[in-house]
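S.K.: Quick one: structure below, then a few questions.
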Amino acid sequence: MRVFPFEELDPTLPLLPLSARRALDVVGRKLSLSAWITLPLSARQALATAGSGDAVDADAVRALLEGVETSPAEVVCVAQPAAAEAWPIAARWDGLDALAQYALHKLSTRRPERYEAALNALVGRRLARMAPTASLDDVVGAVRHPRAGGIASFLGVVRDHAPGRHAVTRLDYEAYGAMADRQLVAICDGVEREWPGSRTAVIHRVGELSVGDVAVVCAASAPHRAQAFEACRALIDRVKADVPIWKRELGPDGAEWVGWERAS
Amino acid sequence: MTLTVLYFAGARDASGRASESIHVEARTVGEVLDALCARYPVLAARRGALRLARNEVFAHLSEPVGEGDVIAVIPPVAGG
């Protein structure tokens, strides 16, 4: 039986948990609160359990409702809620289990005061931006969640030389800030759609960085490690290819924008 | 039409400015790039390596432009 912490429901189930509501919705029945609390606890738990899995066994739910007074209800068609700033609902929707999808659908339409807590618990916030500083803990924290069995992270670090050429003492990073933030979000959305069940986060730094400084922090979580590694690899590769960020190398030989002098 | 053009990194050093307002007769992003390359030979020399963004999104050269658009000249990116 699954009851979400954001339901703030006592273990004696004085109200219908979302899982029990889902079980009833699947068979198109409604149960009044007075009918619910007259059911023995074991029956209430059984209804909640029936609504907790990936699929609901309608016959089993009908059997549980035998002899219980119910009224007809429309069969609910779970739909993805509208986009909400800060929570990447669309990118992560396919990675959510059926009860989580049901809960978000139901709360977005029926219980707006509880919806934000459900979004935080089930979807998580998007962390993808340019910033003066970057913390590995923050980035990993943004992808950590109970269904993620693996988290892969990547740090891009300022090195002391450009490939086969010259010494580097400092890098100045510049970005087209507003577009870079949008691109980082779009890249994370794309990776999460391609690896359903993954979550990604990235912070790329701007400003003057010295040898050894971390320039970019990426992380990807997934149910299993293979997808976590793949998603993290795709994330950093796309960040390097498609985000308007530039770096000027400074060393004993002078300064130059990486990739500019030999561009044609 | 009037467009705002943003120059970053090497393109800013090459053009000598971070942004400017330009008047051009252009139907597409590609025609804007033609105008910018005519104005700044150092951009023309690197034309194949430049990408343009229109209103903060990478744009294909065939994409139409409109009055007031913000066009950014994106030199080869180097994040990471």
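S.K.: Leaving ligands, DNA and RNA out of it, report the carbon-plus-sulfur percent of the accessible area of chain B at a 1.4 Å probe. Kindly include the intermediate steps, with their values, before the conclusion.
M.R.: Numbers: 1850 of 3490 Å².
Summing carbon and sulfur atoms, their accessible area is 53 percent of the total for chain B.
S.K.: Okay, next question. Rank by packing, highest mean first: peptides A:99-105, A:49-55, B:10-16, with packing defined as the count of other Cβ atoms within 10 Å averaged across residues.
M.R.: Ranking, from highest mean packing down: A:99-105, B:10-16, A:49-55.
S.K.: I need to check one value: relative contact order of chain A, counting alpha carbon pairs closer than 8 Å and at least 6 residues apart, in percent.
M.R.: That works out to 17 percent.
S.K.: Under the rule a/c < 1.5 gives rounded, and otherwise a/b versus b/c splits prolate from oblate, where does region B:2-74 land using the Cα gyration tensor?
M.R.: It is rounded, given that a/c, with a ≥ b ≥ c, falls under 1.5.
S.K.: Okay, moving on. Please compute how much accessible surface disappears when B pairs with A, both sides summed, using a 1.4 Å probe, and round it to the nearest 100 Å².
M.R.: 2300
S.K.: While we're looking at this one, here's another question. Could you calculate the FRET efficiency of A:Glu194 with A:Ala73 from 1/(1 + (r/R0)^6), where r is the beta carbon distance between them and R0 is 35 Å, rounded to 0.05?
M.R.: Working: r = 37 Å, r/R0 = 1.07.
Computed FRET efficiency for A:Glu194 and A:Ala73 comes out at 0.40.
S.K.: In degrees between 0 and 90, to the nearest 10, how far off the longest principal axis of chain A does helix A:98-110 point, with axes built from Cα atoms?
M.R.: Orientation of helix A:98-110: about 80 degrees from the principal axis.
S.K.: Which of the peptides A:120-127, A:56-63 is most tightly packed, and how do the rest follow, going by the mean number of other Cβ atoms within 10 Å of each residue?
M.R.: Details: A:120-127: 19.4, A:56-63: 14.6.
Output ranking for A:120-127, A:56-63: A:120-127, A:56-63.
S.K.: How far is helix B:29-39 tilted, in degrees, relative to the longest principal axis of the Cα atoms in chain B, given as a value from 0 to 90 rounded to the nearest 10?
M.R.: 60
S.K.: Sticking with this structure for a sec: Compute the distance in nm between two label points, each set 7 Å from the Cα along the Cα-to-Cβ direction, one at A:Glu66 and one at A:Glu8.
M.R.: Result: 3.9 nm between the two label points.
S.K.: What is the list of residues in region A:1-45 whose amide nitrogen lies under 19 Å from a point 7 angstrom out from the Cα of A:His145, following Cα to Cβ?
M.R.: A:2-8, A:18-19
S.K.: Carbon and sulfur: what percent of region A:128-251's accessible surface (1.4 Å probe)?
M.R.: Percent of accessible area from carbon and sulfur atoms in region A:128-251: 50.
S.K.: How long are the three semi-axes of the equivalent ellipsoid of the protein assembly as shown, in whole Å, if each is the root of 5 times an eigenvalue of the C-alpha gyration tensor, listed from largest down?
M.R.: Calculated on Cα positions only, the semi-axes equal 53, 24, 14 Å.
S.K.: Write down the Å³ per residue value for the convex hull defined by the alpha carbon atoms of region A:40-151.
M.R.: Output value, Cα hull per residue: 152 Å³.
S.K.: Could you tell me the largest-minus-smallest coordinate of the C-alpha atoms of region A:105-264 on each of the three principal axes, in descending order and whole angstroms?
M.R.: Principal axes ranked by extent give 64, 31, 30 Å for the Cα atoms.
S.K.: While we're looking at this one, here's another question. At a Förster distance of 41 Å, what's the computed FRET efficiency of A:Val211 paired with A:Glu85, Cβ-Cβ distance as r, to 0.05?
M.R.: After rounding, the FRET efficiency stands at 0.60.
S.K.: Sequence neighbours fewer than 8 away in the same chain don't count; with that in mind, list the lysines whose C-alpha is under 16 Å from A:Lys30.
M.R.: Qualifying lysines at Cα under 16 Å: A:Lys106.
S.K.: Here's a follow-up. Please give the solvent-accessible surface of A:Glu194 in Å², to the nearest 10, using a probe radius of 1.4 Å with every protein chain present.
M.R.: Roughly 110 Å² of A:Glu194 is accessible to a 1.4 Å probe.
S.K.: Using the heavy atoms of the protein chains alone and a 1.4 angstrom probe, what is the accessible area of the protein assembly as shown per residue in square angstrom?
M.R.: Counting only protein heavy atoms, the per-residue value for the protein assembly as shown is 48 Å².
The values are calculated or read from the model by the stated rules, or taken from the named source; none is laboratory data. What you see is a predicted model, and the numbers here were worked out from it, not measured in a lab. So basically every Cβ, Gly included, is an ideal-geometry build from the backbone, and we count neighbours across all protein chains shown. We work out accessible area using only protein heavy atoms, side chains counted, and drop any ligands, DNA or RNA first. Shrake-Rupley method; radii C 1.70, N 1.55, O 1.52, S 1.80 Å.
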